[in-house]
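A.B. asks: Structure in structure tokens, see below.
The values are calculated or read from the model by the stated rules, or taken from the named source; none is laboratory data. Fair warning: this is a prediction, and the values are worked out from it, not measured in the lab. For neighbour counting, all protein chains shown are included, and Cβ atoms are generated from backbone atoms with ideal geometry for every residue, glycine included.
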Amino acid sequence: MIEIKHLSKVWPDGGNVLHDINLTISDGDVFALVGRSGAGKSTLLRCINALTDYQEGSLTVDGQEVREMNGQELRELRKKCGMIFQQFSLLERKTVYENVALPMRCWKKSKKEIDEKVRSLLDLVGLGNKADARPRNLSGGQKQRVAIARALTMEPDILLCDEATSALDPNTTNSILDLLDEINQKTGITIIIVTHQMEVVRRACRKACILEHGEIVYNGDVQSVFMDKPPALGRLLGDSGIPLPEGGRNIRMAVSRREEDHTDSFFHEMAQELPVRIVDGNVQQFKDGILSVFTINVEEKDYDAAAAFLNERKIRWKEVFRKDDQGDDEEGM
């Protein structure tokens, strides 16, 4: 488990890059650090494996305070934290096999152990037939698969991914995300993904936090991010959303379902019982299933009945307001 409490980091010139960060990442999580360039997400990632330091607060990995680790403990920490980058960082003069084997050779593993591990990992990432190839002969997606295999050689507990898909096309990105999901399912490894792409968050992660100017401005499960649509999400996407109607009451609801469930029948049933107007909505595939997020408008007199209808069916919902209105969100489920 990674626990971060009141962590702050200051650059030598006195500028704050991280301020009062509080975060818990459980074992086996797939967690996203999201934000624009310069938000502090990559710096926070590097604090976790001690590639950069911090001045205030606490950061523990499996109960050990990173800032208090001695040299040997830091080596063990970095051994348990595999890392992949946007630019792959492969050695062009080495073969795929040699690139993957490099960390094990640095740790003086036996030739037999290296050979068994490298070939097993290349099979895992779908490059079993590319062991003798050079990086220059690989596509971007294949290079990232090599980087993932290399990051897994020391059997880490944590995989840190710093914008690992931002240089890839959408189809290749999806294949890499599918691979990371497979690795998470097979090994239970904790994966932390730094990204500015909400599509990556939606497809790959269970939990996420949004950073702005070195501070966490939203933290929750990924489906909640898209359900709550916090202002930080709108700023990140450059989308202020569809204007809400002035009259009546506006309710945003999230209907999670399996592939075989029928969301259409739910809305048909609701329309039969209540006069509602759909303001906006979409159906999206998340890591753990499909979620339909809709905003409806009901008349004031029908609000209590609509809330009861949603609660009876255990539908997650919240009342939402126009920007110029005042009020505290009411939520159900």
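A.B. asks: Criterion first (in a strand (DSSP E or B) and in contact with a helix residue (DSSP H, G or I) (Cβ under 7 Å, 6 or more places away or on another chain)) does LEU23 satisfy it?
C.D. replies: On the way: in a strand (DSSP E or B): yes; in contact with a helix residue (DSSP H, G or I) (Cβ under 7 Å, 6 or more places away or on another chain): no.
When the stated conditions are applied, LEU23 does not pass them.
A.B. asks: Consider ARG150 against the criteria (1) modelled with pLDDT under 95; (2) in contact with a Pro (Cβ under 7 Å, 6 or more places away or on another chain); (3) assigned to a helix (DSSP H, G or I): it satisfies all of them except one. Which criterion is unmet?
C.D. replies: All conditions are met except number (1).
A.B. asks: Within the bounds of the stretch 34-51, is there any residue that is at pLDDT 95 or above, aliphatic (A, V, I, L, M), in a strand (DSSP E or B) and within 16 Å of ILE158 (Cβ to Cβ)?
C.D. replies: Within the stretch 34-51, not a single residue is at pLDDT 95 or above, aliphatic (A, V, I, L, M), in a strand (DSSP E or B) and within 16 Å of ILE158 (Cβ to Cβ).
A.B. asks: Still on this model: Only one of (1) buried (at least 20 other Cβ atoms within 10 Å of the Cβ); (2) in a loop (DSSP other than H, G, I, E, B) is not met by VAL200, so which one is it?
C.D. replies: Status for VAL200: all satisfied but (2).
A.B. asks: Tell me the residue from LYS229, LYS186, LYS207 that is basic (Lys, Arg), modelled with pLDDT of 90 or more and under 28 Å from SER292 (Cβ atoms), please.
C.D. replies: Every option except LYS207 fails the conditions.
A.B. asks: In this structure, is ALA208 among the small types (Gly, Ala, Ser) and either surrounded by 23 or more Cβ atoms within 10 Å (Cβ to Cβ) or in a helix (DSSP H, G or I) (or both)?
C.D. replies: yes
A.B. asks: Next question, about the same structure. Please indicate, with yes or no, whether at least one residue in the stretch 175-184 is touching a strand residue (DSSP E or B) at 6+ places or on another chain (Cβ under 7 Å) and part of a loop (DSSP other than H, G, I, E, B).
C.D. replies: Taking every residue of the stretch 175-184 in turn, none turns out to be touching a strand residue (DSSP E or B) at 6+ places or on another chain (Cβ under 7 Å) and part of a loop (DSSP other than H, G, I, E, B).
A.B. asks: Give the stretch 67-112 a look and list any residue that's basic (Lys, Arg) and either outside the structural domain of PRO156 (by the TED database) or not in a helix (DSSP H, G or I) (or both), or say none.
C.D. replies: Hits for the stretch 67-112 are ARG93, LYS94, LYS108, LYS109.
A.B. asks: Okay, moving on. Of everything in the stretch 47-59, what is surrounded by fewer than 16 Cβ atoms within 10 Å (Cβ to Cβ), under 24 Å from the mean Cα position of the chain (by Cα) and not aliphatic (A, V, I, L, M)? Give them in sequence order.
C.D. replies: Across the stretch 47-59, the qualifying residues are THR52, ASP53, SER58.
A.B. asks: Show the residue pairs meeting these rules: Cβ distance below 8 Å; 6+ apart or different chains; first residue within the stretch 160-187 and closer than 17 Å to PHE88 by Cα; second residue hydroxyl-bearing (Ser, Thr, Tyr) and part of a helix (DSSP H, G or I).
C.D. replies: Between residues of the stretch 160-187 that are closer than 17 Å to PHE88 by Cα and residues that are hydroxyl-bearing (Ser, Thr, Tyr) and part of a helix (DSSP H, G or I), the close pairs are ASP162/SER42; GLU163/SER42; THR165/THR172; THR165/THR173.
A.B. asks: Given the conditions (1) surrounded by fewer than 18 Cβ atoms within 10 Å (Cβ to Cβ); (2) over 23 Å from the mean Cα position of the chain (by Cα); (3) within 30 Å of ASP53 (Cα to Cα), which single one is not true for VAL100?
C.D. replies: (1)
A.B. asks: Please work out which residue is farthest from the chain's Cα centre (by Cα), limiting yourself to the stretch 272-289 and to residues that are farther than 19 Å from LEU177 by Cβ and charged (D, E, K, R).
C.D. replies: GLU273
A.B. asks: Return the total of residues in the stretch 103-161 being aromatic (Phe, Trp, Tyr) and touching a strand residue (DSSP E or B) at 6+ places or on another chain (Cβ under 8 Å).
C.D. replies: 0
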